[in-house]
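Trainee: Could you have a look at this structure, given as structure tokens, before my questions?
The values are calculated or read from the model by the stated rules, or taken from the named source; none is laboratory data. Because the structure is a prediction, the values reported are computed rather than measured. Heads up, the Cβs are rebuilt from the backbone with ideal geometry, glycines too, and the neighbour counts pull from every protein chain shown. The accessibility values were calculated without ligands, DNA or RNA, using every heavy atom of the protein model including side chains. Shrake-Rupley method; radii C 1.70, N 1.55, O 1.52, S 1.80 Å.
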Amino acid sequence: MPVFNNKIILVTGASRGLGYEVALQLASKGAHLIITARTLGALEELSDKILRTNGTVTVVPLDLCKEKDFQIVSRTIYEKFGQIDILVHSASSAIPMAPIETIQTKELLKFFDANCFVTQRVIQMIDPLLKKSKKSIALFIQDTTNSQTKKFLGIYNATRAASREMIEAYAAERKRLGPKVLTFEPNPMPTRTRSVLFPGENKDKLSTCKSEAQKMVKFVSSYL
């Protein structure tokens with residue numbers, strides 16, 4: 001897909017799962033990937049794969065919950081690239097199944113920071129970089145497949161619902177001037193996050209990260 005040639009694309013949560021596969025595929029289509037995650041070793045492994053296929057990549061180990069580190073990274077990206085053409089926010093944290101009454105306030109704040117507050121932080125930090133590109137896209141991975149499962153997933157569902165509200169507001173606010181704000185909801189995949197939410201689940205019935213990444217890349221390309 002030539003539409004991705006020379007595009008500067010930031011993928012969060014790129015160390016494994018859907019983010020990993022999306023980064024691989026976009027790099028193979030001519031984009032320059034900026035890959036972020038907390039795990040440096042996994043990012044380096046992904047970087048090696050991209051480089052072996054003649055792709056280009058910048059590795060940025062980053063904990064999105066650390067605001068000052070994120071500020072430094074955003075400034076560095078601006079100084080090096082001047083803009084971001086496409087954001088793929090794939091990072092998320094699993095929250096173990098637990099009854100509502102057992103969650104302590106400290107844990108609750110930690111879970112909301114990891115899945116909800118981070119969404120706002122990503123928007124705040126990356127929006128100025130997206131605005132530097134003439135036809136930029138901010139894509140957020142959604143997860144509503146668990147919303148019908150209320151039992152023991154109340155906190156996880158609450159953090160995701162709060163994130164959705166922020167993303168929908170961002171999309172409405174930027175509708176006229178951009179960036180284009182999109183969401184993509186993959187079919188359930190055998191990710192680490194899902195294994196925490198649904199331990200013991202039969203993985204044979206799930207889709208693969210690779211096939212869902214292919215769908216997502218095709219979806220984004222239709223807007224370029």
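Trainee: Scan segment 136-146 and give yes if some residue there is within 22 Å of Ala14 (Cβ to Cβ) and over 19 Å from the mean Cα position of the chain (by Cα), otherwise no. Working first, answer last.
Mentor: The first filter runs over segment 136-146 and keeps only residues within 22 Å of Ala14 (Cβ to Cβ), leaving 136-143, 145.
Subset that is over 19 Å from the mean Cα position of the chain (by Cα): none.
No: segment 136-146 contains no residue that is within 22 Å of Ala14 (Cβ to Cβ) and over 19 Å from the mean Cα position of the chain (by Cα).
Trainee: Taking the conditions exactly as written (of a type outside the set (Asp, Glu) and free of Cβ contacts under 8 Å to residues at least 60 places away in the same chain), does Ile103 satisfy them or not? Quick ask: steps written out before the conclusion?
Mentor: Working: of a type outside the set (Asp, Glu): yes; free of Cβ contacts under 8 Å to residues at least 60 places away in the same chain: yes.
When the stated conditions are applied, Ile103 passes them.
Trainee: For segment 46-64, which positions are closer than 30 Å to Phe112 by Cβ and assigned to a loop (DSSP other than H, G, I, E, B)?
Mentor: Let us first name the residues in segment 46-64 that are closer than 30 Å to Phe112 by Cβ, namely 46, 58-64.
Of everything in segment 46-64, those that are closer than 30 Å to Phe112 by Cβ and assigned to a loop (DSSP other than H, G, I, E, B) turn out to be Leu62, Asp63, Leu64.
Trainee: Quick one: which of Asn54, Asn6 is touching a residue at least 24 places away in the same chain (Cβ under 8 Å) and surrounded by fewer than 16 Cβ atoms within 10 Å (Cβ to Cβ)? Spell out how you get there, then give the answer.
Mentor: Values: Asn54 fails: touching a residue at least 24 places away in the same chain (Cβ under 8 Å).
Criteria check complete, one pass: Asn6.
Trainee: Another one. Can you name every residue in segment 134-171 that is farther than 24 Å from Ser195 by Cβ, surrounded by fewer than 18 Cβ atoms within 10 Å (Cβ to Cβ) and not charged (D, E, K, R)?
Mentor: Met166, Ala169, Ala171
Trainee: Same structure again: Which residue is farthest from Pro179 (Cα to Cα), if the candidates are limited to segment 70-91 and must be at pLDDT 95 or above and in a loop (DSSP other than H, G, I, E, B)?
Mentor: Taking segment 70-91 first, the residues at pLDDT 95 or above are 70-90.
Next cut, in a loop (DSSP other than H, G, I, E, B) only: 82-85, 90.
Details: Gly82: 16, Gln83: 12, Ile84: 10, Asp85: 9, Ser90: 18 Å.
Only one residue fits best here, namely Ser90.
Trainee: Which of the residues belonging to segment 23-45 are part of a helix (DSSP H, G or I), in contact with a strand residue (DSSP E or B) (Cβ under 6 Å, 6 or more places away or on another chain) and open to solvent by less than 40 Å² (accessible area, probe 1.4 Å)? Give the steps one after another, and end with the answer.
Mentor: Here is the first cut: in segment 23-45, the residues part of a helix (DSSP H, G or I) are 23-28, 40-45.
Narrowing further to those that are in contact with a strand residue (DSSP E or B) (Cβ under 6 Å, 6 or more places away or on another chain): 23, 26-27, 40, 43.
Once the filter is applied, which keeps residues that are part of a helix (DSSP H, G or I), in contact with a strand residue (DSSP E or B) (Cβ under 6 Å, 6 or more places away or on another chain) and open to solvent by less than 40 Å² (accessible area, probe 1.4 Å), segment 23-45 yields Ala23, Leu26, Ala27, Leu43.
Trainee: Just give me the residues in segment 68-81 being touching a helix residue (DSSP H, G or I) at 6+ places or on another chain (Cβ under 8 Å) and exposed (fewer than 15 other Cβ atoms within 10 Å of the Cβ), in sequence order.
Mentor: Within segment 68-81, Gln71, Tyr78 meet the criteria.
Trainee: Tell me, yes or no, whether segment 183-193 has at least one residue that is touching an Asp or Glu at 6+ places or on another chain (Cβ under 6 Å), assigned to a helix (DSSP H, G or I), in contact (Cβ under 8 Å) with a residue 24 or more places away in the chain and of a type outside the set (Val, Ile, Thr).
Mentor: no
Trainee: Shifting gears a bit: What's the total number of residues in segment 172-220 that are at pLDDT 95 or above, polar (S, T, N, Q), open to solvent by less than 40 Å² (accessible area, probe 1.4 Å) and under 15 Å from the mean Cα position of the chain (by Cα)?
Mentor: Of the residues in that region, 0 qualify.
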